[in-house]
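Here's the structure we're looking at; comments come further down.
The values are calculated or read from the model by the stated rules, or taken from the named source; none is laboratory data. Small disclaimer: the values here were computed from a predicted structure and weren't measured. Because the Cβ atoms are built from the backbone with ideal geometry, glycine has one as well, and the counts that use them run over all protein chains shown. In case anyone asks, the SASA skips ligands and DNA or RNA and just uses the protein heavy atoms, side chains included. Shrake-Rupley method; radii C 1.70, N 1.55, O 1.52, S 1.80 Å.
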Amino acid sequence: MSAWAAIVLRDVRLAYQGGGALLPLIFFLLVATLFPFAVGPDGALLAKVGGGALWMAALLAALLPVDRLVAPDAESGVLDQYAVRGLSDEGVAAAKIAAHWLGFGPPLMIAALPASALLKLDGATLGRLELGLAIGTPALAALGVMTSALTLGLRGAGALAGLVMLPLAVPLLIFGAGALGPDGMGALKLLGATALVLTALAPFAAGAALRASRD
């Protein structure tokens, strides 16, 4: 097994063993459950705004475990061991992005099925939502790991992480919500392009931040 795959499997196992992978899922379902109480029982209104609410819930679900993505390994010296063994910081960051996505992305897409029923989304909208989440959640995972690395060692890193990550995720929310409409193919393509750029650049930004934290 390659070192990269070993890091992915280790982080995924730690996420599920510690229960951290369940928190985003529970949060996502709570939003879907409580949102109708805030908006009201109007099915047409719920169907119109529910998809956007689920995208916002997905963003916040990706943000919840940000303070645990990098900091524990930095404090315990695991990141230093990776560096001593010759693993690049960018490679480690990419592995953590993959592990973070595996921890919350697929469960979130499964949770979208009951959530869509609570928010009165029809089958076509659900299909576009699932496709959008499949495209956009890797970018949310990439932003989460990048933000965790950028705020590593800073006081109040949890609150600061939200201030860093949320503005960067705005294009994903705009295009993800825009793709839910009947004519959303253009927004879906823009979502894919944005997600590709963020996912490609995040390991390099996170790797640079990890090196800076050791200096």
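Which value results for Rg/Rh of the stretch 106-156 when Rg is the Cα radius of gyration and Rh the Kirkwood radius based on the inverse mean 1/r? Please list the in-between numbers first.
Numbers: Rg = 15.1 Å, Rh = 12.7 Å.
So for the stretch 106-156, dividing Rg by the Kirkwood Rh gives 1.19.
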Given the protein chains as shown and a 1.4 Å probe, how many square angstrom of residue 211 are accessible, to the nearest 10?
90 Å²
Take residue 201 and residue 113, extend 7 Å from each Cα along the Cα→Cβ direction, and tell me the distance between the two endpoints in nm.
3.6 nm
Heavy atoms of the protein only, probe of 1.4 Å, neighbouring chains included. What is the accessible area of residue 88 in Å², nearest 10?
60 Å²
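Filter the DSSP H helices in the chain by two things, a Kyte-Doolittle mean of at least 1.6 and an axial alpha-carbon span of 18 angstrom or more, and list the hits by number.
On the way: long enough: 3-17 (21 Å, 0.63); 22-39 (26 Å, 2.59); 43-63 (30 Å, 1.67); 89-118 (42 Å, 0.92); 123-150 (39 Å, 1.20); 157-178 (31 Å, 2.03); 185-214 (44 Å, 1.19).
For the chain, where a helix must reach 18 Å along its axis and average at least 1.6, the hits are 22-39, 43-63, 157-178.
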What do you reckon, how do 16, 82 stack up by accessible area (1.4 Å probe), largest on top?
16, 82
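So what is Rg over Rh here for the chain, counting just Cα atoms and using Kirkwood for Rh? Don't skip to the answer; put the middle values down first.
Numbers: Rg = 17.6 Å, Rh = 17.6 Å.
My calculation puts Rg/Rh at 1.00.
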